[in-house]
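K.L.:
What follows is a single structure, and I will ask about it in a moment.
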Amino acid sequence: MARKELAKAYEPWDVEEKWETHWEAEKTFSPDPDGPGDSYSIVIPPPNVTGVLHMGHALNLTLQDILCRYNRQQGKNVLWVPGTDHAGIATQNVVERQLKEEGLTRHDLGREKFIERVWEWKKEKGDHILSQIRRMGASVDWTRECFTFDEQRAKAVREVFVKLYEQGLIYKGDYLINWCNRCHTALADDEVEHEAKPGKLHHIKYPLADGSGHLVIATTRPETMLADTAICVNPADDRFNNLIGKKAILPLVGKELPIIGDSYVDMEFGTGCLKVTPGHDFNDWELGRKHGLEVISVLDEEGIVNDNAPEKYRGMTVAEARAAVMADLDAEGLVVEVADHDHSVGVCYRCKSVIEPHVSTQWFVSMKPLAKKARAAVPADTQIFPEHWTKTYYQWLDEIRDWCISRQIWWGHRIPAWTCEDCGELIVAKEDPTVCTKCGGSHLVQDEDVLDTWFSSALWPFSTLGWPDDTKELARYYPTSCLVTGFDILFFWVARMMMMGLQFREQVPFDHVYIHALVRDEHGKKMSKSTGNVIDPLDMIEKYGADALRFTLTSFAAMGRDIKLSEQRIEGYKHFMNKIWNATRFAMMNLPDEIPAVDVSKAEGLADQWILHRLEEVKEAVKSATLDYRFNEIAQTLYKFIWSEFCDWYLEMVKPALYGEDEEAKARTQAVLWTVLSETMILLHPVTPFITQEIWNVLPRPAGDDRSEDIATLAFPALRPECLNPKAVADMELFMGVVSGTRNIRTELLIEPAKKLDLLIRTVSDADKSVLEANTGLIQSLARIENVTIGPDVKAPKASGAAVVQGNELSVPLEGVVDFEAELARLDKNLGKLDKTMTGVSKKLQNPGFVNNAPEAVVEGEKKKLAEMEEEKTKLTQLKERLESVMG
RNA sequence: AGGCGCGUAGCUCAGGGGGAGAGCAUUUGCUUGACGUGCAAAGGGUCGUGGGUUCAAAUCCCUCCGCGCCUACCA
């Protein structure tokens, strides 16, 4: 049988592409909703269609994929739904920009043609990110791909909108909302980001109407005075409360403003007098509602001063109007002071332009009743990991305001509301109505607005499963098992999914929410295109392979900490992939085409018994780390096991058996080597799916092993408790100590590696003696030793390098090999180290408080430790004295 | 203003009431028949400060100092 020759170094490129194509073609990750097993389901946080894969996605996908692949191994019926988000504003912006290059606006095309154009764009470019998800190796079910704006999701959106409207939880009205002049639409509160910016506090005189003087107000936005409708002072403020009920004259406009009293006004801030502008400030809006004030808006939807302002200012931008107003006030001698004042300014989270509070007709969702349920469900029905995010979640829900869901754009779910032009009736319906339900007229006009994209995203956990239709998927996979996402969308998305899930499914949308960190650059800065510090995951995949990238992200994904990523780390883990590859290469050179059918629990040698024991521990560690979302521990456990134990010790130790003549021993070791390697590949598979699949595919099998060629479908390795072997671990510790101790003597004394040395071991017990005797050959090969002599009465030459391992005295004769001064210094160094730790332990044991109060086991442990160290010290000292005696 | 998180080896970070850990970097040596993307060995830290609880604190509690983030407000 022709043995497949493995490349000398691992080359991920072809391998990854091959398996990614294979899995999708075979529909490996498309579960049967009627199939066996407990269900485990995850819905992907849908990336924007306009998006390109960034490190945040890469991390997010990796963690979800680990969970899905692990749960498949546990025999679960796993569904991971992929899809994208139609990203209303962002996508519309992209296509509008395209049109602009052709000298067109969306209005030139008209609504219908424009939407067609966006769909065309989506088809061409929009799915780009999906192919990038494929390159990450995400084991999603591509046959169930969804889009927040496809037909089925549209059905869900309508259903929800209409029901909420009927339940009185959606309403329409004129309110002050966040308005983006550039995107030309309303935004929800949480779509506004706040940035601290330097500004000015302008102190301006407003004359009193009765001519008895003036008061001075302070404002950061003087241009909005054109829309002032009152002055407000604190009734408790003795400086001004006599003015309440009087009137002031609004400069430049000339109209009278009532002076009202409200404790909202902070007497300490500014001048203590507040100009009230309900049309341009959220607090003033509230104040205006409370006091029944007129609302004036002096800015239009482009942010240009409109006809409600004095003629002179009309047509100006905000900045122009501010300058003009201040100049005019100054000319009239009304400016008292202009002081520097930093304040935070709201900006659009999509385009970063300044948000204007703007009065307009919008649709809202009443959040309070929904938020109440969503709050109560955590942690009872949904647990958040790490747990501390729960508090943030509560805090947001407690302070929630009604959600403005209408957007003045075209790309999105159009609001299913119609107005009858004949009788003015408002009709909200699932199916497009043709006649008015009230007057029977047929002149119905649909609302122009579309819904906030998050409105459809909020339904994602059940809309992707086919709701509102009664599907198998819905019954089988809802509630989903875990949602994996970054904390930046805890509010935007997670909280709203909770609300909608509870409202429409009467069940939380997920059992667990795992919040992962943000990926930053190596200096802790947020990656952004403008800073130029972006590490592109696709570049990394091309350079190092998806597995190396995935392993890196996994090893960094400790709960509750930001990830500082550097390319160097990814490179380091590519080396790890290569190490795994070469371990396999070694195995392939030493395994027969058919693995001997040996029961590994009958393993005999120290190496085999020890590695099998460790494998059992690793299985447990991987399992519990995965269940607790301690992803970094999965990576750490496997890295240490594979590199520091399997490769560094085990493979070196089995070489003699594999090269040897004892066919029975060889077969046993081959079986163990194969078992450990293949099971480790299965354990590692959720983290690095490609390389493990490739290795599984090239590895030979024992006869009768008819498991799939596809590692992704294999069960988690069965536990083998009979292989747990504490004695092997203890023996191994002794063995490693002897080998390392001997190596240390050699390298620290600068003895050249080729120089043959002898080793004498004066053993402290029969048990140790037999362990070492059984492994003499291994000591020779691993420590590069010519002759080994072992026994209780071994006499070593006085001129020897020395070490003590668990009471056993190692001696390496040095006559003619090295100058003894170096060895003396080395022994002194080791004695010094020993002394330091002994001091600590004996001090502790001299403390009666410790001896009396600490648990007996701990005290005994310390005593034993000290005794051992004392013994070691005595022996080392004797060995040193012997050396000194030779030196005279 | 409120909330959250973080200060541990040169760097990036695990850990967490009983003798300070990893990776990378550094130093030294090495064609050991899987791997120089490697092997072997070594150096390197009063675990931010001050206090408290405890027989015992890097670990738990409090103060402070630094750093980061989130929410709200800022006329």
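The values are calculated or read from the model by the stated rules, or taken from the named source; none is laboratory data. Quick caveat: nothing in here was measured; it's all calculated off a predicted structure. Methodologically, a virtual Cβ is constructed for each residue, glycine included, from the backbone with ideal geometry; neighbour enumeration extends over all protein chains shown. Accessible surface areas use protein heavy atoms only, side chains included; no ligands, DNA or RNA. Shrake-Rupley method; radii C 1.70, N 1.55, O 1.52, S 1.80 Å.
K.L.:
If you take the beta carbon distance between A:Thr434 and A:Val192 as r and set R0 to 51 Å, what does 1/(1 + (r/R0)^6) give as a FRET efficiency, to the nearest 0.05?
P.N.:
0.85
K.L.:
Determine the sum of side-chain charges near A:Arg668: Lys and Arg each +1, Asp and Glu each -1, restricted to other residues whose C-beta is under 11 angstrom from that of A:Arg668.
P.N.:
Net charge around A:Arg668: -4.
K.L.:
For the range A:139-149, take each phi angle, set θ = phi - 60°, evaluate the Karplus expression 6.51 cos²θ - 1.76 cosθ + 1.60, and give the result in whole Hz per residue in order, putting x for glycine and proline.
P.N.:
Values per residue, Gly and Pro as x: 8, 7, 8, 5, 6, 10, 4, 10, 9, 5, 10 Hz.
K.L.:
For chain A, give me the percentage of DSSP beta bridges that are antiparallel, rounded to the nearest 5 percent.
P.N.:
70 percent
K.L.:
Along the charge dipole of chain A, which of A:Gly261, A:Leu627, A:Gly315 sits closest to the positive end, that is, farthest toward it, with unit charges on the beta carbon of Lys, Arg, Asp and Glu (+1, +1, -1, -1)?
P.N.:
So the residue we want is A:Leu627.
K.L.:
Express in whole angstrom the spacing between the alpha-carbon centres of the range A:699-767 and the range A:1-43.
P.N.:
32 Å
K.L.:
In whole Å and largest first, what semi-axes does the C-alpha gyration tensor of the range A:602-655 yield when each eigenvalue is scaled by 5 and square-rooted?
P.N.:
Result for the range A:602-655: semi-axes of 24, 13, 4 Å.
K.L.:
Separate question: How many nm is it between the label spots at A:Asp266 and A:Val886, if each spot is 7 Å from the Cα in line with the beta carbon?
P.N.:
8.2 nm
K.L.:
If we count every other residue with Cβ under 13 angstrom of A:Val818's Cβ, Lys/Arg +1 and Asp/Glu -1, where does the sum land?
P.N.:
Summing Lys/Arg as +1 and Asp/Glu as -1 gives -3.
K.L.:
Once the Cβ-Cβ distance between A:Val729 and A:Tyr659 is put in as r, and R0 is 30 Å, what FRET efficiency do you end up with, to the nearest 0.05?
P.N.:
After rounding to 0.05, the efficiency reads 0.70.
K.L.:
Using 0.36 nm times the number of residues separating A:Glu604 and A:Ala854, minus their current alpha carbon distance, what extension gain do you get?
P.N.:
85.9 nm
K.L.:
What FRET efficiency, computed as 1/(1 + (r/R0)^6) with R0 = 35 Å and r the Cβ-Cβ distance, is obtained for A:Asp398 and A:Glu620, rounded to the nearest 0.05?
P.N.:
Efficiency computed from Cβ-Cβ geometry: 0.30.
K.L.:
Extent of chain A along each principal axis, from alpha carbon coordinates, in Å, largest to smallest?
P.N.:
116, 64, 55
K.L.:
Something else about it: How long is the gain from A:Lys125 to A:Ala703 if the chain were fully straight, where each residue apart is worth 0.36 nm and the alpha carbon distance is subtracted?
P.N.:
Length gained between A:Lys125 and A:Ala703: 203.2 nm.
K.L.:
Separate question: Of A:Cys68, A:Ile89, A:Ser41, which is farthest towards the positive pole of the range A:1-98's charge dipole, taken about the Cα centre with +1 and -1 on the beta-carbons of Lys, Arg and Asp, Glu respectively?
P.N.:
Projecting each Cα onto the dipole axis, the largest value belongs to A:Cys68.
K.L.:
Run the simple label-point estimate for A:Ala825 and A:Asp330 please: 7 Å along Cα→C-beta, distance reported in nm.
P.N.:
7.8 nm
K.L.:
Stretched out fully, how many nm does the piece from A:Lys391 to A:Glu773 gain, at 0.36 nm a residue minus the Cα gap?
P.N.:
131.4 nm
K.L.:
Tell me, what are the semi-axes, in whole angstrom and largest first, of the equivalent ellipsoid of the range A:728-887 as set by the roots of 5 times the Cα gyration tensor eigenvalues?
P.N.:
With the √(5λ) rule applied to the range A:728-887, the semi-axes are 30, 19, 13 Å.
K.L.:
Still on this model: Work the Kirkwood hydrodynamic radius out for the range A:560-661: mean of 1/r over every pair of different alpha-carbon atoms, inverted, in Å.
P.N.:
Evaluated on the range A:560-661, it is 15.8 Å.
K.L.:
Assuming a strict under-20 Å limit between Cα atoms, what lysine pair count do you get for the range A:547-719 once near-sequence pairs (fewer than 8 apart, same chain) are dropped?
P.N.:
Within the range A:547-719, the lysine pair count is 10.
K.L.:
In addition: Once neighbouring chains are kept in place and the probe is 1.4 Å, which whole percent of the accessible area of the range A:185-356 is contributed by carbon and sulfur?
P.N.:
Exposed carbon and sulfur together represent 49 percent of the surface.
K.L.:
Something else about it: Which lysines, if any, have their Cα less than 23 Å from the Cα of A:Lys197, not counting same-chain residues under 8 positions apart?
P.N.:
In chain and number order, the partners are A:Lys275, A:Lys352, A:Lys525, A:Lys526, A:Lys529.
K.L.:
Near A:Val618, within a Cβ-to-Cβ distance under 14 Å, what is the net charge of the other residues, with Lys and Arg +1 and Asp and Glu -1?
P.N.:
-1
K.L.:
Further question: Within straight cross-link reach of A:Lys27, meaning Cα distance under 22 Å, which lysines are found once same-chain residues fewer than 8 apart are removed?
P.N.:
Result set, ordered by chain and number: A:Lys18, A:Lys76, A:Lys472.
K.L.:
Separate question: Give me the Å³ per residue figure for the convex hull around the C-alpha atoms of the range A:144-229.
P.N.:
Once divided by residue count, the hull of the range A:144-229 is 189 Å³.
K.L.:
With a cut-off of 8 Å between alpha carbons and a minimum separation of six or more residues, what is the relative contact order of the range A:355-514 in percent?
P.N.:
26 percent
K.L.:
Please work out the average accessible area per residue across the range A:728-887, using the 1.4 Å probe convention, and give it in Å².
P.N.:
Per-residue accessible area for the range A:728-887 comes out at 52 Å².
K.L.:
So how much accessible area does A:Arg350 have, in Å² to the nearest 10, using a 1.4 Å probe?
P.N.:
Around 80 Å² of this residue is reachable by solvent.
K.L.:
While we're here: With just the Cα atoms defining each centre, how far is the range A:162-217 from the range A:64-82? Give it in Å.
P.N.:
One Cα centre to the other: 47 Å.
K.L.:
For a test of the definition: using alpha carbon positions, the gyration tensor, and the 1.5 limit on a/c, classify the range A:1-79 as rounded, prolate or oblate.
P.N.:
Oblate shape, in that a/c is at least 1.5 and b/c is the bigger or equal ratio.
K.L.:
Something else: When N counts the residues of the range A:547-719, how does its alpha-carbon radius of gyration compare numerically with 2.2 N^0.38 Å, as a ratio?
P.N.:
Relative to the rule-of-thumb radius for its length, the range A:547-719 sits at 1.04.
K.L.:
A further question on this structure: Report the accessible area of A:Thr50, computed with a 1.4 Å probe over the heavy atoms of all protein chains in place, in Å² rounded to the nearest 10.
P.N.:
Near enough 40 Å² of accessible area.
K.L.:
Excluding ligands, DNA and RNA, what is the solvent-accessible area per residue of the range A:185-356 at a probe of 1.4 Å, expressed in Å²?
P.N.:
45 Å²
K.L.:
Counting only protein heavy atoms and using a 1.4 Å probe, what share of the accessible area of the range A:593-686 belongs to carbon plus sulfur, as a whole percent?
P.N.:
46 percent
K.L.:
So for the range A:185-356: antiparallel DSSP bridges make up what percent, rounded to the nearest 5?
P.N.:
So the antiparallel bridges in the range A:185-356 amount to around 90 percent.
K.L.:
In addition: What is the distance in Å between the Cα centroid of the range A:99-142 and that of the range A:610-636?
P.N.:
Comparing the Cα centres of the range A:99-142 and the range A:610-636, I get a distance of 43 Å.
K.L.:
Let me ask something additional. Can you show me the helix-derived [θ] at 222 nm for chain A, built from DSSP H runs with n ≥ 4 at -39,500 (n - 2.57) apiece and divided by the number of residues, rounded to the nearest 500.
P.N.:
After summing the helix terms and dividing by the residues of chain A, the value is -13500 deg cm²/dmol.
K.L.:
Shifting gears a bit: Counting only protein heavy atoms and a 1.4 Å probe, tell me what percentage of the range A:35-161's accessible area is made up of carbon and sulfur.
P.N.:
49 percent
K.L.:
Modelling each spin label as a point 7 Å along the Cα-to-Cβ direction, I'd like the A:Asp710/A:Glu337 distance in nm, to one decimal.
P.N.:
7.5 nm
K.L.:
Further question: Below 13 Å, Cα to Cα, which aspartates and glutamates can A:Lys543 reach? Residues fewer than 8 away in the same chain don't count.
P.N.:
Straight-distance partners of A:Lys543: A:Glu11, A:Asp14, A:Glu16, A:Glu567, A:Glu571.
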